[in-house]
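Notes for the one structure printed next.
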Amino acid sequence: MIVVIEDMALVGRLIKRVLRPREVAVFGTGREGLEAALQGDVEVVLCDLGLPDMPGTDVVEAIVTGAPQLAERVVLMTGGAVTPAGQALVSSGRFRVLEKPFSASGLRDMVNLVTGSPS
């Protein structure tokens, strides 16, 4: 399953459509997405850094702490990291980054890269 943590419903729906036929679950809050990422069989986590209930940086760090095996499968989505913590996380090089707006092919390529699937 691909976990998408994105508060903009339209963006979440588009991601789900682009990644068909893969199983994609979209969560509109950090807490919901974090819970799903820690409990499920997850191939990729696509996490927006600007979430309404908690900073995306906190979500990512909680995923890495709670499920270290997911660290290499976390992709940060950002339209520009607006907080110093977000910018630091993006700049750290620890995670792949998908800059918004991204293309359908860019999204597919990123997921294929993370999962090791052929393009």
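Out of everything in the stretch 66-79 that is of a type outside the set (A, V, I, L, M) and in contact with a strand residue (DSSP E or B) (Cβ under 8 Å, 6 or more places away or on another chain), what residue ends up being surrounded by the most Cβ atoms within 10 Å (Cβ to Cβ)?
73
What number of residues in the stretch 78-114 are hydrophobic (A, V, I, L, M, F, W, C) and in contact with a helix residue (DSSP H, G or I) (Cβ under 6 Å, 6 or more places away or on another chain)?
Result for the stretch 78-114: 8.
What number of residues within the stretch 86-108 are part of a helix (DSSP H, G or I) and either surrounded by 15 or more Cβ atoms within 10 Å (Cβ to Cβ) or in contact with a Cys (Cβ under 9 Å, 6 or more places away or on another chain) (or both)?
Selection size over the stretch 86-108: 6.
Looking at the stretch 2-28, which of its residues are in contact with a helix residue (DSSP H, G or I) (Cβ under 9 Å, 6 or more places away or on another chain) and among the β-branched types (Val, Ile, Thr)?
Result: 2, 3, 4, 5, 15, 18, 24, 26.
Scan the stretch 43-92 for residues that are closer than 24 Å to residue 16 by Cα, free of Cβ contacts under 8 Å to residues at least 40 places away in the same chain and of a type in the set (Val, Ile, Thr) and jot them down.
57, 60, 63, 64, 74, 75, 78
Readers should treat all values here as calculations from the given coordinates under stated rules, not as data from a laboratory. Model, not experiment: these values are computed from the prediction. Quick reminder, even Gly has a Cβ in these numbers, built from the backbone with ideal geometry, and neighbours come from all protein chains shown.
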